[in-house]
Amino acid sequence: MELRVSPTRMQLLQLKRKLAMARRGHKLLKDKRDELMRQFMELVESVRELRLEVEGKLSRAMKDFLIARMQMSSSEIGVSVLYPTRVLDFEVAESSTMGVTVPQFNPSDEGDQASGESSEMYPYGLAMTSAELDTAIDSLASVMPLLLRLAEREKSAELLAEEIERTRRRVNALEYVLIPKLEETIKFITMKLEEVERGNLTRLMKVKEMVRGGGV
Amino acid sequence: MTTSDLQIGQSYAYAVARIRQAENGLLDRNRIARILDASEMSEILRILGETEYSWAVSDVAATDYEAILTRELERVFRYVSQFVPDLTVVDLFRMKYDLHNCKVAFRALALGVDGSGLWSPLGTVSAAEIWRAATLEIGLDGFPKHARDLLGAGLDHLQLGVSGDTPADDSRLEQLADRPIDPQALDAVLDRAYFSSLDEAVYQIGSSLLTKLLRLRVDLVNMTAFLRCVRLRRGLAALRSAFIPFGDLPLELFEKLYNEPVETFVREMSMSMYDSLISEWSAFSKRKDAVAILERLGRRYFTEMCSASSAAVFFGPEPIASYLIAKENEINDLRTILVGKANGLDTESIRERLSGAYA
Amino acid sequence: MVTTGLLLALLGVAIAVIPAGIGSAIGVTIVGQAAAGVVTEDPSKFGKTLVLQVLPGTQGIYGFLIGFLIMQKLGLIGGVVPQVATETGLGFLLASLPIGVVGLFSAVLQGRVAAAGVSILAKRPDELVKGMIYAVMVEFYAILALLASFLAYNGVPM
């Protein structure tokens, strides 16, 4: 492509302008990539912490469930939790980090349920069930918001990673393909122009010599 | 000494003697210790195979311990029914599974599923019959009184009406599927119907000792239900709906205590007949798992009261009820052990959750 | 010629034999049922249950003994119709009351205690003797009644 350009001054100017822009773009993208990287690392760190917490809480909940299970037969527990009463509504919003659209899950009515009708959470009567089941349900319920946040963060990290990959590819394309090619083309045009210049000079000198010789 | 006295004495003499002999088959401290020490499920099954569980563990996959326990209870009910003069005594223990099946049926109905895998075969009425009654396919007339009460209470609560006179009406069932139900309230209604049936059955058997034990049982249930209501802040309305009215402790007492700290509860209860139980529990009353501990202590207390009071009875339903209670307890304890073992819980944590005399 | 005295004496025989016999029958039945319960579960205990079952049977024997003695003294066994004064007949009737009444109740009650003893046999076969002692304690009062009846019978002049 670079060889197909007509080696004119006009073209050279244009190319030089293009190169400058590519360089600036390259620098900006590199900055963006670095910033994305930094944010990604932060996010990954927080995801890791959250994941550990969720895993800890989940295994606690499993243990609580196990203890409830030790007191009640599997079909008793089965029927106790068969009919779900709690519906977790959450809104999915979008927010933008460095131009990346990441999801945000906002549980809609977590607050009011905790105050007023928290007993809605336990879909069974009291007489024939063990208090251990309450504990198990509590534990599981306390993991839920964390799970939601973990899902949000992990998705964000995934999207960020994709964006980083894309940016890096662009940076690389600029750095290793576009800019070198532009530079080469510029060099080629410059050389071509210089050659023309030199040819002109030689021709001028020749003409001068002929004029001087013819004059003898 | 009247003729009827002689009659009861005669019919129960045989049954009680058999029960006393059968009590030898209950797992003793030694066996429980061996099961607790066993490192593998196969070993536990082998130990159980040497006991009266041998029928229950045969032809059952080792991992399906729930099936083993169900089969054992099935066997015990069948066995005791052979010779007990009044089957109501066995029904006292089987009604629980009718209650369970009703809960499954109504929930499944509301969800539009078939509840498979949750049905219990141990009830006095087959699960299939209960399902057919719940889906209004058949009326309630063919059911024994307690099952009729249970189903009737449930159908009423779900506003399906006590059927029998009206033909099956699919539209009512369809409406139900669209309408959310309150399973807690449903359970409260069914539980109350269940305890009311127990009360009637005990009255019909005419044993003052069993009446006393039922009251004790209800009081224990009410106490833990009260504490759970307080802990989960369910409110007075929930307390009132969960309250079972056949105990000695009145609802007013619990209502009064609802907004009081746990110390007041301890003080008030130690003035009741449960002072020994409550004083044992008061040391744990501040712990996070206080209610579970009361549940456990209550179970132990109940078993002790039961075996202590029926030991002196030789002609009557009490020893039979006592045996069935002991067997139920043993099976629950085995469940605790098996579930704990299968999930790698340490022996100490398992042991402290047992309620039998060997604990 | 049958006198009032003879009728009263025969009534005494009946009172000695019938209630004690009924009592023993009931008592033995109760123990028998309990014993059957134990033997259903563990047939090897049959021999031991027999000992307990026999105990409430003694009252019937005591009653029969008194009745037999009265009849012998009357000379009924010989086949002659004896002449008995009304007072003598009444005396026999009263003499037979202790074993009749006490025999009935003690046999039934002893049956219950012995059935309880069967429970001991079911749970702890080694402690069978203790169960027997409890049942024998009831026997003591039947023996006292027998003694009273016998002394009274001796005191009735013919």
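A few remarks follow.
- Our helix-only sum for chain A, with -39,500 (n - 2.57) per DSSP H run of n ≥ 4 divided by its residues, gives a mean residue ellipticity at 222 nm of -26000 deg cm²/dmol.
- Area accessible to solvent at B:Trp55, 1.4 Å probe radius, in Å²: 100
- Per-residue SASA entry for B:Arg78, accessible area with 1.4 Å probe, Å² rounded to 10: 130
- Normalising the Debye intensity of the range B:63-112 to I(0), with uniform scatterers on Cα atoms only, and taking log10 at q = 0.13 Å⁻¹ returns -0.44.
- Accessible area in the full protein assembly, largest first, 1.4 Å probe, for A:Lys32, A:Lys192, B:Lys212: B:Lys212, A:Lys192, A:Lys32
- Rg(Cα) / (2.2 N^0.38 Å) computed for the range C:1-75, rounded to two decimals: 1.53
- Mean-position separation - Cα centroids, the range B:81-144 and the range C:53-121, in angstrom: 56
- From the Kirkwood radius over Cα pairs of chain B, Stokes-Einstein at 20 °C and 1.002 mPa s returns a whole-number translational diffusion coefficient of 96 µm²/s.
- By the rule of a C-alpha distance below 24 Å, with chain neighbours fewer than 8 residues away ignored, the lysines paired with B:Lys212 are B:Lys96, B:Lys145, B:Lys327.
- D_trans [Stokes-Einstein, Kirkwood Rh over alpha-carbon pairs] for the range B:256-359, 4 °C, 1.567 mPa s, µm² s⁻¹: 83
- The largest accessible area among B:Tyr79, C:Tyr141, A:Tyr124 belongs to the first residue in C:Tyr141, B:Tyr79, A:Tyr124, and the rest follow in falling order (1.4 Å probe, all chains).
- Per residue, chain B reaches -22000 deg cm²/dmol at 222 nm when only DSSP H runs of four or more residues are counted, each adding -39500 (n - 2.57).
- The range A:54-83 versus the range B:31-57: alpha-carbon centroid distance in Å: 25
- Average projection area in nm² (convex hull over Cα atoms of the range C:4-154, one quarter of hull surface): 8.9
- A probe of 1.4 angstrom, applied to the heavy atoms of all protein chains, finds C:Val28 with accessible area near 40 square angstrom.
- In this entry, the range B:20-93 is assigned a mean projected area of 5.6 nm², taken as a quarter of its C-alpha convex hull surface.
- Span-rule helices in chain B, defined as complete DSSP H runs reaching 24 Å or more along the axis (Cα) with Kyte mean at least -0.5: B:3-23, B:65-83, B:88-111, B:183-205, B:208-231, B:290-310, B:318-342
- On Cα atoms only, tilt of C:4-41 relative to the major axis of chain C in degrees: 10
- For the protein assembly as shown, Kirkwood radius (reciprocal of mean inverse C-alpha pair distance, Å): 33.4
- Chain A: relative contact order in percent, alpha carbon pairs under 8 Å with at least 6 residues between: 37
- Per-residue average of Cβ from other chains inside 10 Å of C:106-114: 2
- Binning all Cα-Cα separations of the range C:100-158 at 5 Å, short to long from zero, yields these whole-percent fractions: 5, 19, 21, 17, 13, 10, 7, 4, 3, 1, 1.
- Sequence-distant lysines (8 or more away, or on other chains) whose Cα lies within less than 22 Å of B:Lys286: A:Lys63, B:Lys256
- When the P(r) of chain A is calculated, the portion above 22 Å amounts to 71% of the C-alpha pairs.
- Helix axis angle, A:9-71 relative to chain A longest principal axis, alpha carbon, degrees: 10
- Whole-Hz ³J(HN,Hα) from phi, Karplus 6.51 cos²θ - 1.76 cosθ + 1.60, for the range A:73-81, glycine and proline x: 6, 5, 6, 5, 5, x, 6, 5, 10
The values are calculated or read from the model by the stated rules, or taken from the named source; none is laboratory data. The structure displayed is predicted, hence computed values, not measured ones. Positions of Cβ are backbone-derived with ideal geometry, glycine not excepted, and every protein chain shown enters the neighbour counts. Side chains are part of the model used for accessible areas, which takes the heavy atoms of the whole protein and leaves out ligands, DNA and RNA. Shrake-Rupley method; radii C 1.70, N 1.55, O 1.52, S 1.80 Å.
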